[in-house]
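K.L.:
Sending over a structure as structure tokens; questions will come in a sec.
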Amino acid sequence: MELITNLILLFLLLLLLEHLWLYSLRWIEIANSDSVQIPRRALEASKRVSRWGPFLAEYLYHLVALTLSAADAVRHLVARVFRIPLSPLLQPLEGEDPYTPVVLVPGYMMGSFTLYPLKWWLERQGWRPAVALSLAPPWGDLMLLAEQLKEKVEEVYEACGRTKVILIGHSMGGLIARYYVSRLGGSQRVEKVISLGTPHHGTKLWTFALGPCALQMRPGSPFLHSLETDPANTSAVPVVSLYSDFDEIVIPAESSHLEGDHSLNVPLEALGHIAYLYNRRVYRKIQEVLEPAPASTRMDPWRLD
């Protein structure tokens with residue numbers, strides 16, 4: 001029992017040290033950014049990253065995500081070993097109200113379980129069905145993962161009476177969603193894309209990731225260039241990017257910014273990379289983006305107040 005306790009404490013300590021290291025890299029990035037030439041702006045950015053409350057919240061969110069990811073991995077392992085079929089992607093929808101289906105796309109090294117709190121919240125708000133996906137492997141080639149997304153969206157599209165879906169992608173999931181929309185014909189199936197902490201222009205932490213997706217998330221990679229030369233907004237599919245300058249994974253934070261007439265960047269204060277999945281402020285902002293504007297403001301698709 002003592003050994004197990006010590007192992008748990010060691011794990012918690014290592015996770016804490018990892019967060020300290022990641023935010024140290026964030027501070028270094030701020031110190032070496034263009035804003036350092038404007039001392040006041042650099043000082044303000046440094047103070048935002050130095051807040052302990054959001055830091056501890058991000059640490060706890062990471063524990064939640066790791067626990068859910070471990071449970072998801074065990075579920076898939078048991079299903080494979082004992083040949084137990086997993087539950088269907090979508091349950092029958094008889095009697096359901098005609099809401100636009102929402103498909104949640106996981107980020108790097110994550111599965112559907114990590115998305116369940118957001119899925120349940122969306123369904124309580126009336127957005128049914130909300131479908132949380134698992135793409136395998138979660139460190140794989142983004143183009144191949146986008147092919148999987150295409151198959152799953154087709155399944156949801158047919159089950160919901162050929163209704164266009166809304167894609168919500170966390171981190172790497174936002175890149176997968178954009179590639180599907182712009183390169184695999186997803187513009188015919190997707191009404192809107194919402195990305196949560198997605199490195200649309202790559203992240204300087206790509207060297208610490210494993211798998212083919214790491215090179216694809218390198219700033220200036222051919223994959224990212226393909227999205228920039230044929231972005232999702234050319235198909236008139238709106239893309240909303242929720243981002244925070246407290247994000248410890250997307251470095252620099254500006255990497256989450258998108259350009260284009262059909263793109264909207266929504267800043268959120270004091271949110272770490274995992275917090276997008278579990279923070280109520282993010283949920284409320286997603287709800288604002290999802291809800292149709294009043295009749296008097298329908299000409300402005302990005303009205304959030």
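The values are calculated or read from the model by the stated rules, or taken from the named source; none is laboratory data. The structure displayed is predicted, hence computed values, not measured ones. Note that each Cβ is placed from the backbone with ideal geometry, even for glycine, and that neighbours are counted across all protein chains shown.
K.L.:
Considering only the stretch 80-101, I want to know if a residue exists there that is part of a helix (DSSP H, G or I), at pLDDT 70 or above and either surrounded by 13 or more Cβ atoms within 10 Å (Cβ to Cβ) or out of contact with any strand residue (DSSP E or B) (no Cβ under 9 Å at 6 or more places or on another chain) (or both).
P.N.:
yes
K.L.:
Filter the stretch 136-145 down to residues that are under 15 Å from MET110 (Cα atoms) and out of contact with any Ser or Thr (no Cβ under 9 Å at 6 or more places or on another chain) and give me whichever is surrounded by the fewest Cβ atoms within 10 Å (Cβ to Cβ).
P.N.:
The residue in question is ALA136.
K.L.:
Let me ask you something else. Any residue at all in the stretch 250-257 that is more than 22 Å from ARG218 (Cα to Cα) and either of a type in the set (Ser, Thr, Tyr) or touching a residue at least 24 places away in the same chain (Cβ under 8 Å) (or both)? Talk me through it step by step, then tell me what you get.
P.N.:
Kept after step one, since they are more than 22 Å from ARG218 (Cα to Cα), are these residues of the stretch 250-257: none.
So far as the stretch 250-257 goes, no, none of its residues is more than 22 Å from ARG218 (Cα to Cα) and either of a type in the set (Ser, Thr, Tyr) or touching a residue at least 24 places away in the same chain (Cβ under 8 Å) (or both).
K.L.:
Among the residues of the stretch 145-167, which ones are without any contact (Cβ under 8 Å) to a residue 60 or more places away in the chain and out of contact with any helix residue (DSSP H, G or I) (no Cβ under 6 Å at 6 or more places or on another chain)?
P.N.:
GLU147, GLN148, GLU151, VAL153, GLU154, TYR157, GLU158, ARG162 - these are the residues of the stretch 145-167 that are without any contact (Cβ under 8 Å) to a residue 60 or more places away in the chain and out of contact with any helix residue (DSSP H, G or I) (no Cβ under 6 Å at 6 or more places or on another chain).
K.L.:
Tell me, yes or no, whether the stretch 175-188 has at least one residue that is closer than 23 Å to VAL289 by Cα, in contact with a helix residue (DSSP H, G or I) (Cβ under 8 Å, 6 or more places away or on another chain) and part of a loop (DSSP other than H, G, I, E, B).
P.N.:
no
K.L.:
Inspect all residues belonging to the stretch 195-205 and state whether any of them is in contact with a Gly (Cβ under 9 Å, 6 or more places away or on another chain) and β-branched (Val, Ile, Thr).
P.N.:
Yes, that holds for at least one residue.
K.L.:
Check PHE246 against each of (1) outside any loop (DSSP other than H, G, I, E, B); (2) farther than 20 Å from PRO138 by Cα and name the one condition it does not meet.
P.N.:
(1)
K.L.:
Could you please find all residues in the stretch 170-216 being among the hydrophobic types (A, V, I, L, M, F, W, C), closer than 19 Å to VAL131 by Cβ and surrounded by fewer than 20 Cβ atoms within 10 Å (Cβ to Cβ)?
P.N.:
Within the stretch 170-216, just LEU184 meets the criteria.
K.L.:
Can you say whether PRO231 is at pLDDT below 95, in the same structural domain as ALA130 (by TED's automatic domain parsing) and either farther than 30 Å from LEU60 by Cα or surrounded by fewer than 18 Cβ atoms within 10 Å (Cβ to Cβ) (or both), as far as the supplied structure shows? Talk me through it step by step, then tell me what you get.
P.N.:
Working: at pLDDT below 95: yes; in the same structural domain as ALA130 (by TED's automatic domain parsing): yes; either farther than 30 Å from LEU60 by Cα or surrounded by fewer than 18 Cβ atoms within 10 Å (Cβ to Cβ) (or both): yes.
Taking the combined requirement at face value, the residue satisfies it.
K.L.:
So for the stretch 3-18 (the condition being assigned to a helix (DSSP H, G or I), of a type in the set (D, E, K, R), closer than 22 Å to TYR276 by Cβ and modelled with pLDDT under 85), does at least one residue qualify?
P.N.:
no
K.L.:
Right, another one. Looking at the stretch 168-201, which of the residues that are of a type in the set (Ser, Thr, Tyr) and in contact (Cβ under 8 Å) with a residue 40 or more places away in the chain is farthest from PHE246 (Cα to Cα)?
P.N.:
Here the residue is SER187.
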